[in-house]
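The values are calculated or read from the model by the stated rules, or taken from the named source; none is laboratory data. Quick caveat: nothing in here was measured; it's all calculated off a predicted structure. Every residue, glycine among them, receives a Cβ derived from its backbone with ideal geometry; neighbour counts consider all protein chains shown. Ligands, DNA and RNA are excluded from the accessible area calculation, which covers all protein heavy atoms including side chains. Shrake-Rupley method; radii C 1.70, N 1.55, O 1.52, S 1.80 Å.
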Amino acid sequence: MLVLVVDSSTPAVTAALVEVTASAVTTRAHRCTVDARAHGELLAPQVDAVLADTGARPADLGAIVAGLGPGPFTGLRVGLVTAATMGQVLGIPAYGVCSLDAIGYPAAAGEPVLAASDARRREIYWAVYDGAGQRVVGPEVAAPTAAAEQARALAVTAAVGDGAHRYADALGLPLRPEPRYPDANALATLAAERIRAGAPGDPLTPLYLRRPDAVVATTRKPVLP
């Protein structure tokens, strides 16, 4: 089955086409551009590109997988709206996966690891994964020092993800170089059991974890000096 994977929870705008069989998940085409200000402009062309790379059409898709975040409001919703709309139009299920899982799961190497992405405001979105890549804490949003303190209590020995690199000094943990952003193949792998079972699609509820930066004004501002 051909599956479209999208993620816009971080500055990396990702689209991929993967094939899910009974025993494997194989990436057939992949596009990823790091630009925190262009999620809306980049994602749709990248979806078109991965389909063109394989000679596939939207009608050939059997499912869609989308990263649920956590992530900033504006960027994150681009991927989720794209996945939900395509799923509805094509009549195929869309499955959501925590985006941090697609960083922590492939980075697991027998020891607990902290996965982190940049949450701005000098904070990180973070979660802790055991040696098998299963999430045991999170996702949460916190200052890097606070996250590191909780991670050490769980015997975490390394950190991974763009947030970990940005705040390496504050975390004080050895860094794993990859994946820096949510891995498309990992997103599909984490949804593969549901895909193979033909499970109903998910509501694709975003993991914002906090209120958006932009808010509606509660008082009127004077326009005259």
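Name the pairs: first residue in the stretch 157-178 and at positive phi, second residue among the acidic types (Asp, Glu), Cβ to Cβ under 8 Å, at least 6 apart or on different chains?
none
Could you look through the stretch 1-17, keep only residues that are of a type in the set (Gly, Ala, Ser) and part of a strand (DSSP E or B), and pick out the one that is surrounded by the most Cβ atoms within 10 Å (Cβ to Cβ)?
15
Can you name every residue in the stretch 1-19 that is in contact with a helix residue (DSSP H, G or I) (Cβ under 7 Å, 6 or more places away or on another chain) and among the aliphatic types (A, V, I, L, M)?
Scanning the stretch 1-19 gives 1, 2, 3, 4, 5, 6, 13, 15, 16, 17, 18.
Restricting to the stretch 53-80, name every residue that is more than 19 Å from residue 29 (Cα to Cα), among the hydrophobic types (A, V, I, L, M, F, W, C) and open to solvent by 10 Å² or more (accessible area, probe 1.4 Å).
Applying the first criterion (more than 19 Å from residue 29 (Cα to Cα)) to the stretch 53-80 yields 68-78, 80.
Of the ones still in play, those that are also among the hydrophobic types (A, V, I, L, M, F, W, C) are 68, 73, 76, 78, 80.
The answer is 68, 73, 78, 80.
Which is buried (at least 19 other Cβ atoms within 10 Å of the Cβ), over 14 Å from the mean Cα position of the chain (by Cα) and farther than 23 Å from residue 209 by Cα, of 113, 50?
The conditions single out 50.
Of the conditions (1) in contact (Cβ under 8 Å) with a residue 60 or more places away in the chain; (2) touching a strand residue (DSSP E or B) at 6+ places or on another chain (Cβ under 9 Å), residue 200 clears all except one; give me its number.
(2)
Can you tell me which residue in the stretch 108-118 is farthest from residue 170 (Cα to Cα), limited to those that are aliphatic (A, V, I, L, M) and at pLDDT 95 or above?
First, pick out the residues of the stretch 108-118 that are aliphatic (A, V, I, L, M): 108-109, 113-116.
Those still in the list that are at pLDDT 95 or above too: 113-116.
Numbers: 113: 16, 114: 13, 115: 14, 116: 13 Å.
It comes out as 113.
Mind listing whichever residues of the stretch 18-31 are touching a Ser or Thr at 6+ places or on another chain (Cβ under 6 Å), crowded, with 19+ Cβ neighbours inside 10 Å and closer than 13 Å to residue 61 by Cα?
Passing the criteria: only 18.
Among the residues of the stretch 167-193 satisfying the criterion of being in contact with an Asp or Glu (Cβ under 7 Å, 6 or more places away or on another chain), outside any helix (DSSP H, G or I) and not basic (Lys, Arg), which is surrounded by the fewest Cβ atoms within 10 Å (Cβ to Cβ)?
181
Look through the stretch 122-166, keep the residues that are over 19 Å from the mean Cα position of the chain (by Cα) and of a type in the set (Ser, Thr, Tyr), and return whichever of them is surrounded by the fewest Cβ atoms within 10 Å (Cβ to Cβ).
Top of the filtered list is 145.
Kindly check whether there is at least one residue in the stretch 81-101 that is surrounded by fewer than 23 Cβ atoms within 10 Å (Cβ to Cβ), touching a His at 6+ places or on another chain (Cβ under 9 Å) and within 14 Å of residue 15 (Cβ to Cβ).
No: the stretch 81-101 contains no residue that is surrounded by fewer than 23 Cβ atoms within 10 Å (Cβ to Cβ), touching a His at 6+ places or on another chain (Cβ under 9 Å) and within 14 Å of residue 15 (Cβ to Cβ).
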